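Report on one structure; see the data block that follows.
The values are calculated or read from the model by the stated rules, or taken from the named source; none is laboratory data. Just so we're clear, the structure is a prediction, and the values are computed from it rather than from any experiment. FYI the Cβ positions are ideal-geometry reconstructions off the backbone, even for glycines, and counts take in every protein chain you see. These area figures cover heavy atoms from the full protein model, side chains too; ligands, DNA and RNA do not enter into them. Shrake-Rupley method; radii C 1.70, N 1.55, O 1.52, S 1.80 Å.
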Amino acid sequence: MPETQNENAAARPPSKRDRSPNYPAIGPTEALEKGRLIWDKDKKHPVSASVACGHLGYKALNGASIPVLAALKRYGILVPSEGGLLRISDDAHAIYLAPPDRPDRPPLIKKLAMAPALFGEVLAKFPDGLPSDENLRYRLIQEWKFATAQAADTFIKSLRA
């Protein structure tokens, strides 16, 4: 007897995508930490994507490293440089140079954290302030196509931070 569509769906492994395709693979705090690994080695000198991956602890440009590099670009930590290379942005460089208690550091961190377009889209929907986490989670899943509540919760945590 042939399998039904529901049985076929149940037999397939769940999708690995657990976030909106418009949201970076890592949060802003982790992105800044990873960017620092590149900055520690090369400061603002242009590097290839392969060298950047090596600084991040990856052996090659692959399925694990590509989303991390993409996230660093989305947050504005890495920017394009001449010849298809990448470099640490001026804002990220200033964050890494500044002592933690310097007053101009938090606004720079916020600027980079809010760089992904999805943050702006969500904030624009709620000009009077964000709703409850429960309401926001529902909206992220329905309107922005987050695949799971856990992914939405991760996004909410990053957004509120």
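The table that follows gives values for the structure above.
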read-out: Scope region 33-58; condition part of a loop (DSSP other than H, G, I, E, B) and either under 23 Å from Leu108 (Cβ atoms) or in contact (Cβ under 8 Å) with a residue 60 or more places away in the chain (or both); matching residues; value: Lys43, Lys44, His45, Pro46, Leu56
read-out: Top-ranked residue of region 59-84 - restricted to ones that are free of Cβ contacts under 8 Å to residues at least 12 places away in the same chain and outside any helix (DSSP H, G or I), ranked as surrounded by the most Cβ atoms within 10 Å (Cβ to Cβ); value: Val79
read-out: Test: residue in region 92-104 that is in contact with a Pro (Cβ under 9 Å, 6 or more places away or on another chain), closer than 30 Å to Asp42 by Cβ and outside any loop (DSSP other than H, G, I, E, B); value: no
read-out: Any chance Arg87 is basic (Lys, Arg), assigned to a helix (DSSP H, G or I) and surrounded by 14 or more Cβ atoms within 10 Å (Cβ to Cβ); value: no
read-out: Hey, Ala71 among the aliphatic types (A, V, I, L, M), within 20 Å of Ala113 (Cβ to Cβ) and modelled with pLDDT under 95 or not; value: yes
read-out: Neighbours by Cβ (under 7 Å, 6+ apart or cross-chain): first from region 20-32, modelled with pLDDT of 70 or more and open to solvent by less than 30 Å² (accessible area, probe 1.4 Å); second assigned to a loop (DSSP other than H, G, I, E, B) and among the aromatic types (Phe, Trp, Tyr); value: Pro24/Tyr75; Pro28/Tyr75; Ala31/Tyr75
read-out: Pro106 vs. criteria at pLDDT below 95, farther than 18 Å from Gly27 by Cβ and open to solvent by 40 Å² or more (accessible area, probe 1.4 Å); value: no
read-out: Which numbered condition Ile38 fails, given (1) open to solvent by 70 Å² or more (accessible area, probe 1.4 Å); (2) out of contact with any Pro (no Cβ under 6 Å at 6 or more places or on another chain); value: (1)
read-out: Sole exception among (1) open to solvent by less than 60 Å² (accessible area, probe 1.4 Å); (2) closer than 30 Å to Leu140 by Cα for Gly54, by number; value: (2)
read-out: Members of region 120-158 that are surrounded by 18 or more Cβ atoms within 10 Å (Cβ to Cβ) and small (Gly, Ala, Ser); value: Ala151, Ala152, Ser158
read-out: Some residue of region 6-15 being acidic (Asp, Glu), open to solvent by 80 Å² or more (accessible area, probe 1.4 Å) and modelled with pLDDT of 95 or more; value: no
